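Just so it is clear, none of the values below were taken in a lab; they were calculated from the coordinates. Source: prediction; values computed, not measured. Cβ placement follows ideal geometry from the backbone for every residue including glycine, while neighbour counts extend to all protein chains displayed.
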Amino acid sequence: MSEATGATGAEGTADEAASAGGEPGGTPGAGRRVRVVLVDDHRMFRTGVRAEIGETARTGVEVVGEAADVDQAVEVITATRPEVVLLDVHLPGGGGVEVLRRCAGLAADAERPVRFLALSVSDAAEDVIGVIRGGARGYVTKAITGSDLIASIFRVQEGDAVFSPRLAGFVLDAFASTDAPPVDEDLDRLTQREREVLRLIARGYAYKEIAKQLFISVKTVESHVSAVLRKLQLSNRHELTRWATARRLV
């Protein structure tokens, strides 16, 4: 993202990595410390992130807590007062936006602010805009590399805004617009998970690929697809793809 937008891309040059606390060609954050809480409802994903970034002597990141739903997240964040929270968008209990709402006082603390970086499989505009309006300092997708994620954590700690490539445009467009987005009653019938499955189906992913992406079983994917087709009164995935494309959800 360009300097004119006031935000920093999640993938940078060697010089940018150095400015985030590391050396060119080295690990971002080396020689510095940041306390982090991981919030994601998939235990295997949290384990993978902890293994990737949580070796404190190497990365500078100290993982001080984990949570799998909204209530756990608020409890852990309040108890540990981390500097950065890696926050999934879709969580049991109300989602990442609800965590942001309930932790607004911690985020607003002038002396010890808790800052939030959304980390999600979703790259949907409404998800990005929702958590940024809720108070998150950035949004990166789960396709991000470990070193880029570490660099993003340190930038958010410093108060920078960080986005994966192309996502920043959603935010700029949303905040530049004076008109509220139209309500899509059909889309509102779907749960957040059903919307994720819908988008991946519309992009041509097979059930096994969707299951791997979302850390769920193939049977669960099939159940979500059946629910989406029933709610939208569609007959097959081809009609579903056309429906999603017409609404620019793909």
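Annotation note: Cβ proximity below 9 Å between a residue of the stretch 216-235 that is in contact (Cβ under 8 Å) with a residue 24 or more places away in the chain and a residue that is assigned to a loop (DSSP other than H, G, I, E, B) and surrounded by 15 or more Cβ atoms within 10 Å (Cβ to Cβ) (sequence gap 6+ or interchain) occurs for His224/Ile216; Ala227/Leu190; Val228/Leu190; Val228/Leu234; Lys231/Leu190; Leu232/Leu190.
Answer yes or no as to whether Leu100 is within 16 Å of the chain's Cα centre (by Cα) and without any contact (Cβ under 8 Å) to a residue 40 or more places away in the chain.
It is true that Leu100 is within 16 Å of the chain's Cα centre (by Cα) and without any contact (Cβ under 8 Å) to a residue 40 or more places away in the chain.
Where helices (runs of 4 or more DSSP H) fall entirely within the stretch 184-250, those with at least 1 residues that are over 17 Å from Ser120 (Cβ atoms) and polar (S, T, N, Q) are at 218-232, 237-246. Taking the criterion of being over 20 Å from Glu185 (Cβ atoms) and charged (D, E, K, R), the residues of the stretch 204-250 that qualify are Lys208, Glu209, Lys212, Lys219, Glu222, Arg237. A count restricted to the stretch 70-94 and to residues that are surrounded by fewer than 18 Cβ atoms within 10 Å (Cβ to Cβ) and not hydroxyl-bearing (Ser, Thr, Tyr) stands at 7.
Selection over the stretch 129-157 of residues that are basic (Lys, Arg) and under 19 Å from Asp40 (Cα atoms) gives a count of 2. Checking each residue in the stretch 107-134 for being more than 30 Å from Ala202 (Cβ to Cβ) and in contact with a strand residue (DSSP E or B) (Cβ under 8 Å, 6 or more places away or on another chain) picks out Ala107, Val114, Arg115.
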